[in-house]
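Taking it in order: structure first as structure tokens, then the write-up.
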Amino acid sequence: MNTNNKLSRHCVLVTGGTGYIGSHTVVALMAAGYEPIIIDNLSNSKASVLKRIKQITGKQPIFYKIDLWDIAALDKVFQKYSIASVMHFAGFKAVGESVTEPLKYYENNIQSTISLCNVMTMRDVKKIIFSSSASVYGETTVIPIKENSLTAPASPYACTKQMIEQILKDIHVADPAWRIALLRYFNPAGAHESGLMGEDPQGIPNNLMPYVSQVAVGRHKKVNIFGNDYPTSDGTGVRDYIHIMDLAEGHVAALKKIDTATFKTPQIINLGTGSGYTVMEILHAFEKASGKVIPYRITKRRPGDIAACYADTKLAQKLLGWKARRNLADMCADAWRWQSQNPTGYP
């Protein structure tokens, strides 16, 4: 039984809360009046983000360096605080690495979720929002992508997302008291408008926006564009990019929804903008935001890449009353503010 009632009833456990998406969501949660409790083992993030959260919110976030595999340590946190719900961001996320080290991904992402859910069950906490991914849809050609589109994950990383979704659905079948939101988001981009927080990938970025940012700040020489012969407006691939703070606010909207009795079945919800931008549009928008020329070269298409991929967001608007408010110019301006003020990322 929880023994500490000092915090509000809006206490939310945030796993992976020092990561890119998790940290921005913590800021959004605090702005909405929630009390986040951050759990992270710092394997893919830095503790210095906690100071940035305090600078933005004026409040030091509660943080525990814990691996989700450590059930005893995790259980102590549940016993100490009156945790009402969980946001689960923790997990390995590099698609390429998951292909070369599949066991690492299956073991970590699946087992950590099982450990978390076991402790939640023991402590009678039955509300969870899971950080899933549009990668579960795979190489779909039906655009825009709806939540009932067929799934065909093309990497071990994407497979772990789909497996965790299924685990949570099965938990609900066994105990319908659980309230579950499975948020499939597309391509998070940008940074907090303050420039204090942003994306700080380890090694060479896998995603376009942080790579473009690092080229602009001089960490890489040029952007590789994989194919310019797609049936799109300029021949480069189209993707749905969503501002990180829009995404964070989508999580808060989902939390408010599962806090009500109307949200009774596990719900898959796409979080995106409902439209797409080409690679060249991203490039030119970033040049405008940064005042820099972004060198690039055209290379061959990557296996598995499709011409266009963007979300159908009607369900998010209907169920959550949420839609993305920020545009591409906002994403690029905020990403550049972060990158130019923090050229090497977090200290």
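Per residue, what volume in Å³ does the Cα convex hull of the stretch 1-113 take up?
Per residue, the Cα convex hull of the stretch 1-113 comes to 95 Å³.
Using a Gaussian network model on the chain with a 10 Å cutoff between Cα atoms, which of Arg297, Arg337, Arg326 fluctuates the most?
Arg297
Cα centroid distance between the stretch 307-329 and the stretch 40-65, in Å?
Here the two parts' Cα centres lie 28 Å apart.
By the scheme Lys and Arg +1, Asp and Glu -1, what is the net charge of all other residues having a beta-carbon under 11 Å from that of Glu249?
+3
For the stretch 143-295, what proportion of DSSP beta bridges, expressed in % and rounded to the nearest 5, is antiparallel?
20
Normalise the Debye intensity by I(0) for the stretch 99-252, one equal point scatterer per Cα, no solvent, then take log10 at q = 0.15, 0.16, 0.20 Å⁻¹ and round to two decimals.
Scattering profile of the stretch 99-252, log10 relative to I(0): -1.04, -1.15, -1.48.
Working out 0.36 nm times the residue gap between Lys256 and Val293, then minus their Cα-Cα distance, what length gain in nm do you get to one decimal?
Extra length available between Lys256 and Val293 comes to 9.0 nm.
What ranking do 223-233, 36-46 get when scored by the average of other Cβ atoms within 10 Å per residue, highest first?
Listed from highest to lowest mean packing, they are 36-46, 223-233.
Work out Dmax and Rg for the chain from the C-alpha atoms and quote the Rg first, both in angstrom.
In order Rg, Dmax, the Cα atoms of the chain give 19.5, 61 Å.
Near Trp178, within a Cβ-to-Cβ distance under 12 Å, what is the net charge of the other residues, with Lys and Arg +1 and Asp and Glu -1?
Cβ neighbours under 12 Å give a net charge of +2.
Over the Cα atoms of the stretch 176-267, what radius of gyration and what Dmax do you get, in Å?
17.9, 53
Could you tell me what a quarter of the Cα convex hull surface of the stretch 161-224 works out to, in nm² with one decimal place?
6.8
Classify the stretch 301-347 as rounded, prolate or oblate, taking a ≥ b ≥ c as the square roots of the eigenvalues of its Cα gyration tensor: rounded when a/c is under 1.5, otherwise prolate if a/b is larger than b/c and oblate if not.
Because a/c hits 1.5 or more and a/b fails to exceed b/c, the stretch 301-347 counts as oblate.
Once amide H atoms are built 1.01 Å from N in the peptide plane, which residues 5 or more positions from Tyr296, or in another chain, come under 5 Å H to H?
Correct list: Val223.
Between Lys264 and Glu101, with labels modelled 7 Å along Cα→Cβ, what's the label distance in nm to one decimal, could you check?
4.5
Nearest 0.05, what FRET efficiency do Ile204 and Arg123 give at R0 = 45 Å with Cβ-Cβ as r?
0.65
What does the charge dipole of the chain about its Cα centre add up to, to the nearest 20 debye, if the Cβ of each Lys and Arg holds +1 and the Cβ of each Asp and Glu holds -1?
Roughly 620 debye for the chain.
Output ³J(HN,Hα) for the stretch 95-100: one whole-Hz value per residue in order, computed from phi by the Karplus curve 6.51 cos²θ - 1.76 cosθ + 1.60 with θ = phi - 60°, and x for Gly and Pro.
4, x, 5, 5, 6, 8
Hey, could you pull the Cα Rg and Dmax for the stretch 217-327, both in Å?
My reading of the Cα-based Rg and Dmax gives 17.6, 53 Å.
Roughly how many whole Å is it from the C-alpha centroid of the stretch 192-269 to that of the stretch 69-106?
With the stretch 192-269 and the stretch 69-106 each reduced to a Cα centre, they are spaced 21 Å.
Can you list residues from other chains, or at least 5 along the same chain, whose modelled amide H is less than 5 Å from the amide H of Ile38?
It is Val14, Ile62, Phe63, Tyr64, by chain and number.
FYI, it's all coordinate maths here, none of it is from the lab. Values in this document were obtained by computation on a predicted structure and should not be read as measured data. Don't worry about glycine lacking a Cβ; one is built from the backbone with ideal geometry, like all the others, and counts go over all protein chains shown.
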